[in-house]
Every structure is written in C-alpha cells, then in structure tokens.
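J.: Sharing a structure below in structure tokens format, with a few things to ask.
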Amino acid sequence: MFTGIVQEIGTVRHLETTRSGMRVEIAGPRVTERLAIDDSVSVAGACLTVVGRDDRGFVSDIVPETIERTTLGRLARGSHVNLETSATPNTALGGHFVQGHVDATTKLLDRDAAGDGARLRFALPKPLARYVVQKGFITLDGVSLTIARLGKTFFEVALIPHTAERTTLGALRAGEAVNVEVDVLAKYVERLTRLS
C-alpha cells in the first residue's frame, strides 16, 4: 500500500525485453536507500517489486498485464517517473489509500496555469466514471489528488506549486497519458451494495 505522496522523481536508466515482459532499471537514490530486494515500490502509480538494487537505483520486472494496463510499456531510457516506497505502520497518511493497482490510463486534455501551479483537465474513462466524485480522491501517475471539477466526460485536478515541482505532473503536456487508480473504498462500497 502507498499514500500517493511522491518521494522522488526517478529516471529510467535501462530497459530490456525479457521472456516474461520487461525489466527496467530506475535511478532514484533517495528512494533506493530505503529499498531492499522484494520490497514494493510505486513507479508512476504501478506497484512493482524490487528484484535488484545498487547505490543509485533499483531494478524491477514488468509483466505483460502491467505493460498493457499502464503507461509503463511506453517508457524509454531517460523517462521520468514518480516514485514512492510502500507505506509502513509509521507512515503519515498524507494522501489516501493507494494500492498501486492501475485501473486505466487517460490523457491530459488541457492545462491552465494557476500562478506557479496548474489546473489539469483529463478525459474521464467511462468504466471509471461511477467511482469518481467531486472532491473525492484519485491517483494519477502515483500522485494522490482531489477532484476539483467533474463533468460527464472529464475531470479536473488542481496542482499546488509544490506538487507541480516535485512530480512528473508539473511537466505533463496535453495529449500525454497518465496511469489512473480510483479510490478503492468506492469499489468496495459498490461490491458490498451489490451483494446486499
């Protein structure tokens, strides 16, 4: 489990295709110093397992399911990704409960500057619309955000300057895709009401 509070922007330093999908090496020294082999790490919002590490970064394998469901299959050497180590009982819950289980991808439709921050408008994937509510939580590329505005086919989030500076969302351009994870509590409520 994660909180959606990004700890570092990492850089992809190597990618290779393997028989079981893809292997990625990511430079992120601050996050890596807290990682051990077998730990979970959020990479652009997707939960991956650390299979190797050195002083500068870590290695993870990406299976076909993750490649197909997320933006990780589009990574290239030099790509930037949001990183977060898994939560512990002592972790402050500054964001919300994030599993790292990406539900879909979506594209940035529009970006409006708001001082040093920004307001971002994304396409709302139809299968996820029922889980997205005004002022509710959403995770985009591993970043815990609040829905600032909700339409039938779009949603908007507001980035404060700090979030714009410390995550990849600050440099996101119209037409680029992000990973989306809706609030898991909404899914549990839906499931429980269907079983009642």
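The values are calculated or read from the model by the stated rules, or taken from the named source; none is laboratory data. Bear in mind the structure is a predicted one, so any value in this text is a computation, not a measurement. Cβ coordinates were reconstructed from backbone atoms using ideal geometry, including for glycine residues, and neighbour counts include every protein chain displayed. Accessible surface areas use protein heavy atoms only, side chains included; no ligands, DNA or RNA. Shrake-Rupley method; radii C 1.70, N 1.55, O 1.52, S 1.80 Å.
J.: Going 7 Å from the Cα of L192 in the Cα-to-Cβ direction, what parts of segment 1-36 have a backbone nitrogen less than 16 Å from that spot?
T.: Backbone N within reach: none found.
J.: Quick one: Karplus J couplings for segment 13-24, per residue in order, coefficients 6.51, -1.76, 1.60, θ = phi - 60°, nearest Hz, x for Gly and Pro?
T.: Each residue of segment 13-24 in turn: 9, 7, 9, 8, 7, 10, 5, 9, x, 8, 10, 10 Hz.
J.: Where in segment 159-196 is the amide nitrogen less than 14 Å from a point lying 7 Å along the Cα-to-Cβ axis of T153?
T.: none
J.: Another one. Treating the angle as unsigned and between 0 and 90°, give the value, to the nearest 10°, between the Cα long axis of helix 184-195 and the longest Cα principal axis of the chain.
T.: The two axes meet at around 60 degrees.
J.: By the scheme Lys and Arg +1, Asp and Glu -1, what is the net charge of all other residues having a beta-carbon under 13 Å from that of I9?
T.: -2
J.: Which of the listed residues, V59, V31, V81, is farthest toward the dipole's positive end in segment 12-109, when Lys, Arg count +1 and Asp, Glu count -1 at the beta-carbon?
T.: Checked the options; the winner is V81.
J.: For segment 32-181, with every protein chain kept in place, what is the accessible area per residue (1.4 Å probe, Å²)?
T.: Value for segment 32-181: 50 Å² per residue.
J.: Turning to a different aspect of this structure: Taking θ as phi - 60°, what are the ³J(HN,Hα) couplings along segment 74-80 by the Karplus curve (6.51, -1.76, 1.60), each to the nearest whole Hz, with x for Gly and Pro?
T.: After applying 6.51 cos²θ - 1.76 cosθ + 1.60, I find 9, 5, 9, 4, x, 4, 9 Hz.
J.: Okay, moving on. Within a Cβ distance under 14 Å of I67, other residues only, what is the Lys/Arg minus Asp/Glu net charge?
T.: It works out to a net charge of 0.
J.: Leaving out ligands, DNA and RNA, what percent of the accessible area of the chain is carbon and sulfur, probe 1.4 Å?
T.: 51
J.: Moving on. Rounded to whole Å and sorted largest first, what semi-axes of the equivalent ellipsoid does the C-alpha gyration tensor of the chain yield via the square root of 5 times each eigenvalue?
T.: 26, 20, 17
J.: Return the sequence-ordered ³J(HN,Hα) values of segment 148-162 in whole Hz as given by the Karplus equation 6.51 cos²θ - 1.76 cosθ + 1.60 applied to θ = phi - 60°, using x for Gly and Pro.
T.: Once rounded to whole Hz, the list reads 8, 8, 9, x, 5, 10, 8, 9, 10, 10, 10, 9, 6, x, 4.
J.: Something else about it: Roughly how compact is segment 83-190, stated as its Cα Rg over 2.2 N^0.38 Å to two decimals?
T.: Rounded to two decimals, the normalised Rg is 1.03.
J.: In nm, what is the difference between 0.36 nm times the number of residues separating R23 and I37 and their Cα-Cα distance?
T.: Length gained, R23 through I37: 3.6 nm.
J.: What nm distance separates the two modelled labels at D116 and L185, each placed 7 Å from Cα along Cα→Cβ?
T.: Placing both labels 7 Å beyond Cα along the Cβ direction yields 3.1 nm.
J.: Run the helix sum for the chain: -39,500 (n - 2.57) per DSSP H stretch of 4+ residues, divided by residue count, reported at 222 nm to the nearest 500 deg cm²/dmol.
T.: Rounded to the nearest 500, it is -3500 deg cm²/dmol.
J.: Enumerate the aspartates and glutamates that K126 could reach by cross-link, defined here as Cα to Cα under 17 Å, with residues fewer than 8 away along the same chain left out.
T.: Cross-link targets: D103, E156, E181, D183, E190.
J.: Can you compute the charge dipole magnitude of segment 93-196 about its Cα centre, using +1 on each Lys and Arg Cβ and -1 on each Asp and Glu Cβ, nothing else charged? Give it in debye, rounded to the nearest 20.
T.: Result for segment 93-196 is approximately 400 debye, rounded to the nearest 20.
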